[in-house]
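The structure under discussion appears below in the form of structure tokens.
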Amino acid sequence: MVRRHLSKRVIIVTILLALLAGSACSPAPRGRPTLTPSPIPTETPWPTQTPTPTPRPSSTPTLTPTFTPYASQQASATPTFTATAIPPYRAVLFPLVSSYKTVDWGYRLVTREERREDQSLREAAGMLSLRLLDRGIHRMTAKVMGKDLTLYYLRVSHAFDGQEVELKLILTGFFGKDVPLPQLPADGALYLSLHRSEKAALIDLPALYQTWTLPQARREPTFRSANLTDFELILANLPESVILLAGHPVAWSGDDLPKMQDNMRKFSAYAARFSPFFRMDSFGNLLGPSDLAAAWQAFFLQGLPIPLDMRDENLAFSADYLILVTP
């Protein structure tokens, strides 16, 4: 009995020793949590987002654009645009010849002269050289045929008997009071006819006028249509030396007056360019050529300078077409 019990004890001890030895040689387990507890992490609050509002355009736009400056800014109940003054930038003359004649600040050319059998004047047109006094388009409001008309013009000068006199070169117009250039719709009033000659010392101005008289499709590419916005950029990028020439009729047949009057009532560009050349009654009917038209006729056809009493802020010429020449 005693031996049997001893044998059992020996077997149990032997098994225990074997188990202890096996556990000491086996590698430590990986990827499992240890029995020693890890410190509990302290609770770190989530970062809170403070919303930064993104600026959005206001539903009511503020009027702070920089527009092309113009001559007159009249007070009105509607918002007005603040204009930035155009700095003076007088064009510099350079040597230019047309048909053996020097083109200077006093150059003029009769482009059309038609007379009746009794030698009375029927129609006439002329072209003259002009000196740019700055490089911007100006505007002013006039009353024409009972309507407000915004006139768009250039500040230029011409030499009469060697004396430079400032005048307005009217480009076009738009019905309405003091309409800024960027607000003009894309219609005929926005466009003008322009020819550019670059690196020129010689130019054939009579031939250019003959090209101008062709139907519009045949004028191109000698004369191209340019809207006022593009023309303003052209002006801003012209070199210091530049000669501007403009042509326009100065006398019309009396038979044309009814049609002219109808066109002036319908089309703002006609009203702007032709109104300085006509007298009108209180109903806007054309009565005949104005004193200014007679002065321009005498200037082109007889070589007489514009009278001194007309050399004021109302002195104007109009542009049926423009020619820009640069050296």
Subject >> Residue that is modelled with the lowest pLDDT, among those in region 170-201 that are farther than 22 Å from VAL103 by Cβ and small (Gly, Ala, Ser) >> reply: GLY188
**OP:** Give the residue, chosen from LEU192, LEU109, LEU171, LEU151, that is part of a strand (DSSP E or B), over 28 Å from MET280 (Cα atoms) and not polar (S, T, N, Q).
**Re:** LEU109
Subject >> In region 289-306, the residues that are loosely packed, with under 15 Cβ neighbours inside 10 Å and assigned to a loop (DSSP other than H, G, I, E, B) >> reply: GLY303, LEU304
Original post:
Quick one: which helices (runs of 4 or more DSSP H) sit completely within region 195-280 and have at least 3 residues that are touching a residue at least 24 places away in the same chain (Cβ under 8 Å) and either touching a Pro at 6+ places or on another chain (Cβ under 9 Å) or surrounded by 13 or more Cβ atoms within 10 Å (Cβ to Cβ) (or both)?
Top reply: 205-212, 228-236, 257-266, 268-274
**OP:** Return the total of residues in region 179-194 being loosely packed, with under 11 Cβ neighbours inside 10 Å and without any contact (Cβ under 8 Å) to a residue 40 or more places away in the chain.
**Re:** 1
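Could you please give the count of residues in region 109-140 that are crowded, with 19+ Cβ neighbours inside 10 Å and either farther than 28 Å from GLY173 by Cα or not small (Gly, Ala, Ser) (or both)?
We begin by selecting, within region 109-140, every residue crowded, with 19+ Cβ neighbours inside 10 Å; these are 109, 111, 124-132, 135-140.
So of that shortlist, the ones also either farther than 28 Å from GLY173 by Cα or not small (Gly, Ala, Ser) (or both) come out as 109, 111, 127-128, 130-132, 135, 137-140.
Qualifying residue count, region 109-140: 12.
The values are calculated or read from the model by the stated rules, or taken from the named source; none is laboratory data. Please read all numbers here as calculations on a predicted model, not as lab measurements. A quick note on method: Cβ atoms are made from the backbone with ideal geometry, for glycine too, and the neighbour counts reach across all protein chains shown.
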